[in-house]
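Worksheet: one structure, shown below.
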Amino acid sequence: SGNQGITIYGGSSQISNLYLADGTTGNEAHRGFVVYNHNSEKLFLGAGGSTVLTLTDAGRLGVGTSSPAYECDIQRDDNDNADRFQINTDGDCEVCTNGKGLILNSANGTAYKITVANDGTVTSTAV
């Protein structure tokens with residue numbers, strides 16, 4: 001009775017792993033995983049054989065990136081700084097798109113696409 005748990009011990013510069021497999025070769029051996037890097041103090045969660053979420057000891061959450069630079073850092077892919085959503089340390093929400101827009105919904109449910117040109121011109125279009 002009482003609380004139970006599992007501990008995976010790793011030294012201060014080691015990596016601790018828990019893998020969920022559906023085979024024994026390639027990424028079948030680690031289709032899902034929980035990995036903790038004691039050296040970088042990062043926790044990685046994986047699905048489909050790839051890291052999908054990273055949490056740092058500074059409380060930074062990364063989705064689509066293994067090195068979140070902001071409190072909340074969501075990227076389309078780890079090498080693409082152009083398409084991302086982030087909440088910085090000041091609490092500002094920033095959306096960076098590569099030639100795309102931001103779609104916002106009004107209280108009545110109408111969706112508007114907001115785009116900002118390189119000269120700062122803001123355009124709003126109902127979608």
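The values are calculated or read from the model by the stated rules, or taken from the named source; none is laboratory data. Quick caveat: nothing in here was measured; it's all calculated off a predicted structure. Glycine gets a Cβ as well: all are built from the backbone with ideal geometry, and neighbour counts include every protein chain shown. The area values use the complete protein model at the heavy-atom level, side chains included, leaving out ligands, DNA and RNA. Shrake-Rupley method; radii C 1.70, N 1.55, O 1.52, S 1.80 Å.
Computed quantities for the displayed model
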quantity: Alpha carbon convex hull of the chain, projected area averaged over orientations, nm²; calculated: 13.5
quantity: Sequence of 6, 87 when ordered by accessible area, the most exposed leading, probe 1.4 angstrom; calculated: 6, 87
quantity: Leading residue at positive end of dipole, segment 1-108 (Cβ point charges), from 49, 97, 23; calculated: 23
quantity: Student exercise, the chain dipole from Lys, Arg, Asp, Glu Cβ charges, in Debye to nearest 20; calculated: 260
